[in-house]
Amino acid sequence: MMEHLAVNLIGVAFAIASLVLLSLGLAIVYGMMRVINLAQGEFMMLGAYTVILSSTYGLGLWAGIALAPVVVGAIGLIVERCIIRFLYRRLLDTMLATWGLSIGLIAAVSLILGPTTEGVATPLGHFAVGSYEVATYNVFVIAAAAACVVMTWCLFNFTKFGLVARGTMQNADMVAALGIHPPTIYMMTFGFGSALAGLAGAIMAPLTGVVPTLGLAFIAKAFITVTAGGAAIFVGTLGAATLLGAIDSAVAFVSTPIYGQVAMLACALVLLRIAPQGISGLWHRRG
Amino acid sequence: MLISRRDAIRGSVAAGVGIAASTLVGRQAAAENDTPVGSILDATGAINIYGLPMIDATRFAVDSINEGGGVLGRKLRLIESDGQSNNQVYAQNALKLILDDKVAALMGGITSASREAVRPVVDKYSALYFYNEQYEGGVCDKLVFCTGVTPAQQLGVLVPWAAKQYGKKVYTLAADYNYGHISADWVKVYLKQAGGELAGEEFIPLDVVNFDSVIQRLQATKPDVVMSLLVGGNHIAFYRQFAAAGLKGKMQIVSATFGLGNEQVVLKPEEAEGIVVIYPYFQELDNPANKKWVAAWHKRYGEKYTYITDSACTVWNGWHLWAMAVNKAKSLDRGKVIAALESGLTFDSPEGTIKLDPKSHHVVHSVHLAKVNDKNGFTIMQSVANIEPADTMKVCDLVAHPNQHKQYTPKF
Amino acid sequence: MAPARVSRIELAIWGAAVIAVACLPLLVSTYSVVQITVFLIFCVLAVSLDLAWGLAGLLSFGQAAFFGIGGYAYAIAGINDVTTLGSLVAAVAAGGIVSGGLGYVAFYGRVSTMFLAVMTLTVTLILLQVMGSTADPSYRIGEAVLGGYNGMTNIPSLGLDVPLFEPVTLGPEGFFWMVGGLLIGIVILGRLLMAAPFGRVLAAIRENEQRAEQLGYDARWRKLAIFSLSGAVAGLAGALFASWGSFINPEVFSLSQSAQVVIWVLVGGRGSLYGAVLGALLVQALTQYLGSMGTAYTTLALGALLVNFVLLLREGLLPAIFRLVSRSASG
């Protein structure tokens, strides 16, 4: 009985951790820049492919995971310069443009790398909890998600960049008056958000079959989590991920993964109706 | 750096004119004196793991028929379409091939979903259609011929065998669409007949790649046999995760779908070895017709060809059955060809001799149980000859009741 | 935006359209007629989005949801032996009721446009999951098996079954005339609506809702009305689509279907209804042409199209063409 509970708890923590990993990048970009990047899923897909390519060309899985944020972060910078830069304050237009980018990226990867499923083996084997076997990699994912959150939090609260970034978020004109160029900050923030997405995709790669349409499964969940979470990056995203992740895995365990998804989506809908600003709105009581 | 709006408009108009012009230019000149035939299969998208060998088999079959003099003395002109793993595309392509290219016969479709998107078009505009792939059985349509195996021919043999060989407790994992559901129902029927017990049944959507909870439930239930009816590229992850969890020694996987997409090549031997499957055709089959066929295939497509799947042989069968019928009917008239197809044709296929059953429009196959070996192939263990598609034959008699265009679904 | 008053040129355009639709089947092959019919069905869908987005500024990412609901409603009714015209009415009603329900929650709750977009997208995703999970044969409504990903097949084609008369099945030409006629009718009605007081107030709400309300107009029921109308028209398109192919499956709820509707209206230009038709026709033709080369090329082109239009030609083709024409006319 105890071991069953322990295994279930690990499962729930895993579901929450996955959501956090997938949503953190999107939340940062949305919270800081009010940009909803619908191509975030495809950035994750690119991160996953980095791992695949790194494996194929002999560099190994872990090198791939380390490389992914760098590669995808660079791609994010390019996207910001070429597309996003022109669309600040036009929320719906950024959604549309990044939607176009998303389907374009899927097509491009299909053409270049092929549309068939690739995969790498899940490393680290498994360990026993009583008479159950749990994949060690799942625990790694939980740890990685926690590490990302902590690192990002430290970055925003203890570094100069973080200070400037938070200032830009609150009052861009003031920051400009102080001699810092807001567009540069936006560019770096977007790059950081993209790098996080790449890392998330790379970490998830050994657990799934990597196809060009990988991002589509992730983006829906990430999008819902971020919108339900609202503009406050940490409180909102963590809160939403916990709530939605718990519901998803609870319902999925009782019935099927499909109803888990439906429950999660329905819950997000209800949450948004009650609190249009998301969980952040409830927290800060701005209504 | 930004294009001015005027230039953008000019560009769009120019592009529009260009596209229109090229569509007119691109119209193929049809050669007189040849017979157009159509094929729709998935060359791209998630289903192309099944589609690519089938496309190769299609081209090989049409060329071989042409080398033998063609049909009624005229060569066949193959018009191919890519279904792109998209059922909408299947329907549109079927429309074009039937109405625009006016093909004498249409062959294609891989998933049951794609077949059901094509069938209404075939019925609406009265065309002849061959579905050359295993499926859940039950299609009863005067215009349609299904040459693949049905549950009676696969599960009807596999389930009793597995229960006897490994143990009576079976856990079913099936893809969550019609094929998976109906096949799982048949597993229950055959299991009951064999005196076995269903320990559990789960349906996995086609896009799921995380089998964590599934593996947990398997460990809790401890079945003797895991019956896999998983489909598509994403489900390959199950076999990987199953092996990673160390379950390979503890329960035996048997499957009616593993291998059709060359999963045994994608997975490593330590992940796939020992999985038991059942099909009418394996590349390793030791009969003279197959030896010749494999040699000819390798000559055409190279010695290093991944693996000739059962679906490829089914496609080969379909084309040759049709050609035989046309030559027997001495006409391309649809009614006469159907009558010829219903005359009890037999064909010497690489899988052995097969017979096209007149009443159900399905094929009688001999099947073989085989195990995945360490050479990315299969080792054949046991054979059962001439199994009828009893599930469909029971409900479908197109000779006595010809005016049917439906798929029967079993009510249990 | 097209002018708010219905001009004489427009009446001429309507007349020309009627003649074109009447004559087309006599001039081209059956295959082309069938092909163009489905293009026109998607034009109806594009117009439905434009009614909400162009007229009232309500961006719905989930027009595909109402389209699919209409299609399934038609299929379920039709397979259960309801007359095909009755099934059509059922589809329209289904689209209207669901969009009405969503609209009520959104507009009377005074939520933002962003929320509406998210909500409609979420509903579409939910429908995709739910309809995709109905694979088991036990999921049926009356005689109609829902079919999961296989979808529903053997859907009766639209016929003219008026009570007391012999039912007449529509062949490809007849069906084309019906669809063409419905499209023209909807565009005309939409334009008349725009020119009427109701349409003018909607335009005011679109431009500045607060000011419109301060002038005494209740924005909520008006937005609800146009949103329900938009859903009903999408439902009609769905029914026509199900009848056209005698087939429907959960792919109508896919993200890509939702995206395409938005792309059509964006490319063609919103607010005039004609732009939606133009955009739908052009992008469909492009998709068709590229589709023969492979889906990857099609989606690549669609993606590039979307990005470029948002960046460069935000109002779409039709307004830009108008401007070009009027600029060169004025010298």
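None of the figures in this text is laboratory data; all of them are computed from the coordinates on show. These numbers were taken from a predicted model, which means no experiment stands behind them. Positions of Cβ are generated from backbone atoms using ideal geometry, with glycine treated the same way; all protein chains shown enter the neighbour counts.
By the Cβ-Cβ criterion of under 4.7 Å, the unpaired cysteines of chain B are B:C146, B:C313. Averaged over the residues of peptide C:131-141, the number of Cβ atoms from other protein chains lying within 10 Å of each residue's Cβ is 5. For C:S48, C:S32, C:S258, the sequence from fewest to most other C-beta atoms within 10 Å is C:S32, C:S258, C:S48. Computed from the C-beta positions of B:K411 and B:K164, the FRET efficiency with R₀ = 22 Å rounds to 0.20. In whole angstrom, how far apart do the alpha carbon centroids of the stretch B:177-216 and the stretch A:44-86 sit? Using only Cα atoms to place each centre, the spacing works out to 38 Å.
For chain B, the fraction of alpha-carbon pairs lying more than 37 Å apart is 25 percent, rounded to a whole number.
Averaging sequence separations of C-alpha pairs under 8 Å and six or more residues apart, then dividing by the length of chain B, give the relative contact order as a whole percent.
Details: 769 pairs, mean separation 72.1, N = 412.
Answer for chain B is 17 percent.
Listed from fewest to most Cβ neighbours within 10 Å, the set C:S230, B:S183 follows the order B:S183, C:S230. Modelled this way, with points 7 Å down the Cα-to-C-beta line, the labels at B:T346 and B:K328 are 1.2 nm from one another. Estimate the FRET efficiency between B:K371 and B:A339 by the formula 1/(1 + (r/R0)^6), using the beta-carbon distance for r and 41 Å for R0, to the nearest 0.05. E(calc), rounded to 0.05, equals 0.45. Volume per residue of the convex hull around the Cα atoms, evaluated for the stretch A:1-94, comes out as 120 Å³. Using only side-chain charges placed at the Cβ, +1 for Lys and Arg and -1 for Asp and Glu, the dipole size of the stretch B:170-300 relative to its Cα centre rounds to 420 debye.
Dipole orientation for the stretch C:151-280: of the candidates C:S258, C:G269, C:F176, C:G269 has the Cα lying most toward the positive pole (charges on Cβ; Lys, Arg +1; Asp, Glu -1). Between A:L111 and B:K292, the C-beta separation translates, for a Förster distance of 35 Å, into a calculated FRET efficiency of about 0.40. Going toward the positive end of the dipole of chain A, with +1 on Lys and Arg Cβ and -1 on Asp and Glu Cβ, which of A:S110, A:M32, A:V141 do you reach last? Farthest towards the positive end: A:M32. Calculated on the alpha-carbon coordinates, the convex hull of the stretch C:48-104 measures out at 69 cubic angstrom per residue. With contacts taken as Cα pairs under 8 Å and at least 6 residues apart, the stretch B:155-255 reaches a relative contact order of 34 percent. What does a probe at C:V130 reach in the stretch C:93-116, counting residues whose amide N is under 18 Å from the point 7 Å along Cα→Cβ? Residues passing the 18 Å test: C:93-106.
The mean count of C-beta atoms from other chains within 10 Å of the C-beta of residues in B:242-255, rounded to a whole number, is 2. Exposed loop sites are taken as trypsin sites (Lys or Arg not before Pro) in a DSSP loop (any state but H, G, I, E or B) with at most 16 other beta carbon atoms within 10 Å; the longest stretch of chain B without one runs B:103-249. Distance between the 7 Å Cα→Cβ label points at C:A285 and C:Q214: 4.7 nm. Value of Rg to Rh for the stretch C:234-331, rounded to two decimals, is 1.04; Kirkwood radius and Rg both from alpha-carbon coordinates.
When the charge dipole of chain B is built from unit charges on Cβ atoms (+1 for Lys and Arg, -1 for Asp and Glu) and taken about the Cα centre, the candidate among B:V395, B:G274, B:S349 whose Cα reaches farthest toward its positive end is B:V395.
Compute the Kirkwood hydrodynamic radius of the protein assembly as shown, taking the inverse of the mean of 1/r over all pairs of distinct Cα atoms, and give it in Å to one decimal. Over the protein assembly as shown, the inverse of the mean reciprocal pair distance is 30.2 Å.
Label separation (B:M381 vs A:A143): 4.0 nm, computed from points 7 Å beyond Cα along the C-beta direction. When you work out D = kT/(6 pi eta Rh) for the stretch B:20-160 at 20 °C and 1.002 mPa s, using the Kirkwood radius from C-alpha pairs as Rh and the Stokes-Einstein form, the result is 133 µm²/s.
The stretch C:21-89 and the stretch B:50-128 have Cα centres lying 28 Å from one another.
Using the Cα centre of the protein assembly as shown as the reference point, and only Cβ charges (+1 on K/R, -1 on D/E), how large is the resulting charge dipole? Debye, rounded to the nearest 20.
Values: 67 positive and 63 negative charges, 490 e Å.
Charge dipole, the protein assembly as shown, about its Cα centre: 2360 debye, nearest 20.
Listing C:W221, B:W186, C:W264 from fewest to most neighbouring C-beta atoms within 10 Å gives C:W221, B:W186, C:W264.
List residues of the stretch A:31-65, by number, whose backbone nitrogen lies under 13 Å from a label position 7 Å along Cα→C-beta of A:Y88. Residues passing the 13 Å test: A:32-35.
Counted over all Cα-Cα pairs of chain C, pairs farther apart than 31 Å make up 31 percent. Counting Cβ atoms of other protein chains within 10 Å of each Cβ in A:89-99 and taking the mean gives 5.
One equal scatterer on each Cα of the stretch C:156-242, no solvent, Debye formula: the resulting log10 I(q)/I(0) at q = 0.18, 0.22 Å⁻¹ is -0.85, -1.07. For the stretch A:19-66, the relative contact order comes to 22 percent (Cα pairs under 8 Å, sequence separation of at least 6). Run a plain Debye calculation on chain A (Cα atoms as equal point scatterers, no solvent) and give log10 I(q)/I(0) at q = 0.12, 0.13, 0.16 Å⁻¹, rounded to two decimals, same order as the q list. For chain A at q = 0.12, 0.13, 0.16 Å⁻¹, log10 I(q)/I(0) is -0.76, -0.90, -1.34. Using the Karplus relation 6.51 cos²θ - 1.76 cosθ + 1.60 with θ = phi - 60°, the per-residue 3J(HN,Hα) values for the stretch B:222-238 come to 6, x, 7, 10, 9, 8, 9, 10, 7, 9, x, x, 5, 6, 4, 4, 4 Hz, with x marking Gly and Pro. Here are some pairs, B:K188/B:K411; B:K169/B:K192; B:K164/B:K394; B:K75/B:K96; B:K168/B:K411; B:K168/B:K222; which of them have Cα atoms lying more than 18 Å apart in this structure? Violating the 18 Å limit, Cα to Cα: B:K164/B:K394; B:K75/B:K96; B:K168/B:K411. Structural size metrics of the stretch B:155-255, computed from C-alpha coordinates, are Rg and Dmax of 12.6, 34 Å. Between 0 and 90 degrees, the angle of helix B:155-166 with respect to the longest Cα principal axis of chain B falls at about 30 degrees. Taken about its Cα centre, the stretch C:8-252 carries a charge dipole of roughly 760 debye when the Cβ of each Lys and Arg holds +1 and the Cβ of each Asp and Glu holds -1.
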